[in-house]
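Undergrad: The structure that follows is given in the form of structure tokens.
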Amino acid sequence: MVHFSACCSPIRGEPIIGVVTRNRGVTIHSRECMNLAQVNSKRFLPASWGERDDKNTHYPVELEIKTIDRQGLLKDVITKLTDNKANILAANIQTFANHTALIGVVVEVENIEQLKNIMLKIKQISDVLNVNRVLKPSKALKQFTEKNATVNKKSNKSNKKSTQNKRKVS
């Protein structure tokens, strides 16, 4: 069984590596994942993305955007995200006394190229100081990932039951 790591949330197109786990098969990590330093290298497996069979696969990514606070800034960021066909799953903004703001947003992207383009477009917005991908997921990203995992497990169980019922009937 193969699954994607929640700690780094690898995105199609970025370099990846497999890690043999004790109980869950192989976990796919981004090669930039900080947790790989804690893993015995004997457990590493080469991994690649392979052919893409589902054009509708999206990967949740969290971005942290540091800005100078101004009216309309969040609207400008949302416009760039939607212009680049990124679905927004969660957003949070904090403003500070020194007239700066921190925007946290979780978006769905199709691949690493789309993410890089989105980050470049957001950096071009006036008053944006920095844009970073958050590799350690926040509560919002964890909730989204866990919710989808539960839905997928239910769907898989339903498909297995349907297949078993078909076998019984045939």
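Undergrad: Can you list residues whose amide H is under 5 Å from LEU89's amide H, if they're 5+ apart or on another chain and H is modeled 1.01 Å from N?
TA: The answer is VAL106, VAL107, GLU108.
Undergrad: Let me ask you something else. Mind ranking VAL128, VAL2 by accessible surface for me, highest first, 1.4 Å probe?
TA: Sorted descending by solvent-accessible area, the residues read VAL2, VAL128.
Undergrad: So for the pair LYS75, THR95, with labels modelled 7 Å out along Cα→Cβ, what separation do we get in nm?
TA: Between LYS75 and THR95, the simple spin-label model gives 1.4 nm.
Undergrad: Further question: ARG24: accessible area at probe 1.4 Å, nearest 10 Å²?
TA: Surface open to solvent at ARG24 totals about 130 Å².
Undergrad: Got a sec? What order do GLU32, GLU51, GLU113, GLU14 fall in by accessible area at 1.4 Å, biggest, i.e. largest, first?
TA: So the residues, ranked largest to smallest area, are GLU51, GLU32, GLU113, GLU14.
Undergrad: So how do SER9, SER30 rank on accessible area, 1.4 Å probe, biggest first, that is with the largest at the start?
TA: Accessible-area ranking of SER9, SER30, largest first: SER9, SER30.
Undergrad: Hey, another quick one. Using the Karplus curve 6.51 cos²θ - 1.76 cosθ + 1.60 with θ = phi - 60°, work out ³J(HN,Hα) for each residue of segment 97-103 in order, rounded to whole Hz, and write x for Gly and Pro.
TA: 3J(HN,Hα) across segment 97-103, in whole Hz: 4, 7, 6, 10, 9, 10, 9.
Undergrad: Report the local net charge at LEU102: Lys and Arg +1, Asp and Glu -1, summed over other residues whose C-beta lies under 9 Å from its C-beta.
TA: Its environment carries a net charge of 0.
Undergrad: For PHE44, tell me the accessible area in Å² from a 1.4 Å probe, rounded to the nearest 10.
TA: 60 Å²
Undergrad: Once phi is turned into θ = phi - 60°, what whole-Hz ³J(HN,Hα) does the Karplus curve with 6.51, -1.76 and 1.60 give for every residue of segment 62-73, x standing for Gly and Pro?
TA: After applying 6.51 cos²θ - 1.76 cosθ + 1.60, I find 9, 10, 10, 10, 9, 9, 8, 5, 7, 5, x, 5 Hz.
The values are calculated or read from the model by the stated rules, or taken from the named source; none is laboratory data. Since this is a predicted model, take the numbers as computed values, not measurements. Neighbour counts are summed over all protein chains in view; Cβ atoms, including those assigned to glycine, are modelled from backbone coordinates with ideal geometry. For the accessible areas, the whole protein counts, side chains as well, though only heavy atoms, and no ligand, DNA or RNA atoms are used. Shrake-Rupley method; radii C 1.70, N 1.55, O 1.52, S 1.80 Å.
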